1. Counting Lys and Arg as +1 and Asp and Glu as -1, each charge on the Cβ, what is the dipole of segment 9-86 about the Cα centre in debye, to the nearest 20?
2. Given Cβ point charges of +1 (Lys, Arg) and -1 (Asp, Glu) and nothing else, what value in debye, to the nearest 20, does the dipole of segment 1-42 about its Cα centre take?
3. Placing +1 on the Cβ of each Lys and Arg and -1 on the Cβ of each Asp and Glu in segment 9-86, which of ASN64, PHE37, GLN19 has its Cα farthest towards the positive end of the resulting dipole?
4. Could you please rank THR76, THR66, placing first whichever residue has the fewest other Cβ atoms within 10 Å of its Cβ?
5. If the viscosity is 1.002 mPa s and the temperature 20 °C, what translational diffusion coefficient in µm²/s does Stokes-Einstein give for segment 9-86 when Rh comes from Kirkwood over Cα pairs?
6. Most exposed first by the Cβ proxy, i.e. fewest other Cβ within 10 Å, how do LEU59, LEU84 rank?
7. Check the straight Cα-Cα distances from LYS71 and name the lysines below 22 Å, setting aside those fewer than 8 residues away within the same chain.
8. For segment 1-79, which trypsin sites (Lys or Arg not before Pro) are in a loop by DSSP, counting at most 10 other Cβ atoms within 10 Å?
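Readers should treat all values here as calculations from the given coordinates under stated rules, not as data from a laboratory. Everything quoted here is computed from the prediction, not taken from an experiment. All Cβ positions, glycine included, derive from the backbone under ideal geometry; neighbour counts span all protein chains shown.
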Amino acid sequence: MKFQYFRDPDNFAYKMEKQAECSVCNKVGLWFDAGGFYGSNKIECICDKCFLAGKLIDLGIETNDTYHGSKEDRETISYKTPSLPTWQDRESVSYTHLTLPTICSV
Ligand SMILES: [Zn+2]
């Protein structure tokens, strides 16, 4: 299984911590965590096969932003490429554990 724009997703993409059912085809395995994907529908995880087959297009779920390239390239990056980890992900993870100051509610 090869992703055109993501050379080593097994080591660098977000995967589920344990085996789970693919949210699309129900096959059990260690699949991509779809928690960080965005779109009108939400799924838990997706297997390599469904990912590469473009199943996210039908679901209206995107994995990456893209503004350049041909229509085909953009479709591949937006729907058929695992989310690329960025420094922003690390920031947002730490922020989710912060609580708002209580000063405002006095
Ligand atoms: Zn699947």
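1. Charge dipole, segment 9-86, about its Cα centre: 120 debye, nearest 20.
2. 100
3. GLN19
4. THR66, THR76
5. Reported coefficient: 172 µm²/s.
6. LEU84, LEU59
7. Output for LYS71: LYS2, LYS49, LYS55, LYS80.
8. For trypsin sites (Lys or Arg not before Pro) across segment 1-79 that sit outside H, G, I, E and B with at most 10 neighbouring Cβ atoms in 10 Å, the list reads LYS2, ARG7, LYS18.
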